[in-house]
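Here the structure comes first, spelled out in structure tokens, and everything after it is commentary.
The values are calculated or read from the model by the stated rules, or taken from the named source; none is laboratory data. Computed from a predicted model, the values in this text were never measured in an experiment. FYI the Cβ positions are ideal-geometry reconstructions off the backbone, even for glycines, and counts take in every protein chain you see. To get the accessible areas, we keep the full protein, side chains included, count just its heavy atoms, and leave off ligands, DNA and RNA. Shrake-Rupley method; radii C 1.70, N 1.55, O 1.52, S 1.80 Å.
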Amino acid sequence: MSARIEDRGDRLIVWNGNAEKRGALTPELYEAIAEAMTLAEDPRIRAVILTSEGRFFCAGGDLNVLIERRKLTEAERRERVDGLHDLVRAMRACPVPVIAAIEGGAAGAGLSLALACDMIVACEEAQFTAAYVKAGLVPDAGLTASLARLLPRPLSMEMCLLGRPVMAMRFAELGAVNRICAKGKALDEALMLADTLAAGPRAAQGAIRQLVAQAYEAEEADQLDAERNAMAHAAGGDEAAEGIAAFLEKRKPRF
């Protein structure tokens, strides 16, 4: 099985099972991620984790599949890329945080998917590579937009033009990775993040996620309006009532 969803009650884990090809993208992985984004609408789900059963998170597109696309028209090739882009859009629209747990590394579209997540946990040996140029291809799945938000322009250019890998520690120093862990412990760290999220206010977290995501592209005036509307809604909700009461009573909130 090249992909599967594990339901752990308050979180979903999407497993990339294509270990023999270093986690290269498969239609089954597309389907599993898309399904998890839909399942995450259930109020009991507090986080979605993307990880791999192999020693590499995702090596991007399968070059054997990509070479066959030469036979398609350019319009047909655009349609295939749109399938991947729809997946990224679904991840961005997920009602709960999405966490990437990365062993080994992420390359090409695998890096794009990792950066489409809200948080990234990576083992200390992991490498991040915009490998497209080595195959005469260009980035897709929002990679250039993600890199532009996260990294200095010279490093983004180096990654995309030269295809040189960046180690997880450097990514973390630049703020692109949330946590670095020992080899084989990425999922454990991601599960601890999910524990923290599960103890928090789901609706508020969802609203915060949307505000932060849109802030990178919104005008300040529009963002102020969005924050006003979100705050006005949150202040009248049950989560705020419990959170404020817990703070005043000097106890842990029960969301």
- Accessible solvent surface per residue of the chain, calculated while the other protein chains remain in place, 1.4 angstrom probe, Å²: 54 Å²
- Message: Quick check on the stretch 184-243: take the gyration tensor over C-alpha atoms, sort the square-rooted eigenvalues as a ≥ b ≥ c, and tell me if it's rounded (a/c under 1.5), prolate or oblate.
- Response: oblate
- Message: Apply the a/c threshold of 1.5 to the C-alpha gyration tensor of the stretch 147-218 and tell me whether it is rounded, prolate or oblate.
- Response: oblate
- For GLY108, which sequence-distant residues (separation of 5 or more, or a different chain) have an amide H within less than 5 Å of its own amide H, given hydrogens modelled in the peptide plane? THR129, ALA130, ALA131, TYR132
- Query: Can you pull the percent of the stretch 93-230's accessible area that's carbon plus sulfur, 1.4 Å probe, other chains left in place?
  - Reply: 55 percent
- Message: Net charge within 13 Å of ALA241 by Cβ-Cβ distance, Lys/Arg positive one each and Asp/Glu negative one each, not counting ALA241 itself?
- Response: -3
- Taking Cα centroids, how far is the stretch 35-58 from the stretch 131-208 in Å? 16 Å
- Query: Quick one: in the chain, what % of C-alpha pairs are over 32 Å apart?
  - Reply: 24 percent
- Item | Anisotropy class of the stretch 1-107 from Cα gyration tensor, a/c 1.5 cut | oblate
- Note on the structure: For ALA126, other-chain or 5+-apart residues with amide H closer than 5 Å (H placed, Pro excluded) are GLY104, ALA168
- Message: Sort 126-135, 216-225, 198-207 by the packing proxy (mean of other Cβ within 10 Å over each peptide's residues), most packed first.
- Response: 126-135, 198-207, 216-225
- Item | Pair ARG55, ASP195: separation of 7 Å Cα→Cβ label points (nm) | 2.9 nm
- Query: So, in nm, how far is label HIS85 from label ASN229 when the simple model puts each one 7 Å beyond its Cα toward the Cβ?
  - Reply: 2.5 nm
- Given the pairs LYS183/LYS250; LYS183/LYS252; LYS21/LYS71, which are separated by over 28 angstrom at their Cα positions? LYS183/LYS250; LYS183/LYS252
- Item | Straight-distance crosslink candidates among aspartates and glutamates, where the alpha carbon sits under 15 Å from LYS185 and sequence neighbours closer than 8 are dropped | GLU53, GLU103, GLU124, GLU125
- Here the gain from full extension of GLU76 to LEU248, 0.36 nm per residue of separation minus their alpha-carbon distance, amounts to 56.0 nm
- With only Lys, Arg, Asp and Glu charged, each at its Cβ (+1 for the first two, -1 for the last two), find how big the charge dipole of the chain is about the Cα centre; round to the nearest 20 debye. 600 debye
- Query: In deg cm²/dmol, rounded to 500, what helix-only [θ] at 222 nm does the chain give when every DSSP H run of at least 4 residues adds -39500 (n - 2.57) and the total is split over its residues?
  - Reply: -15000 deg cm²/dmol
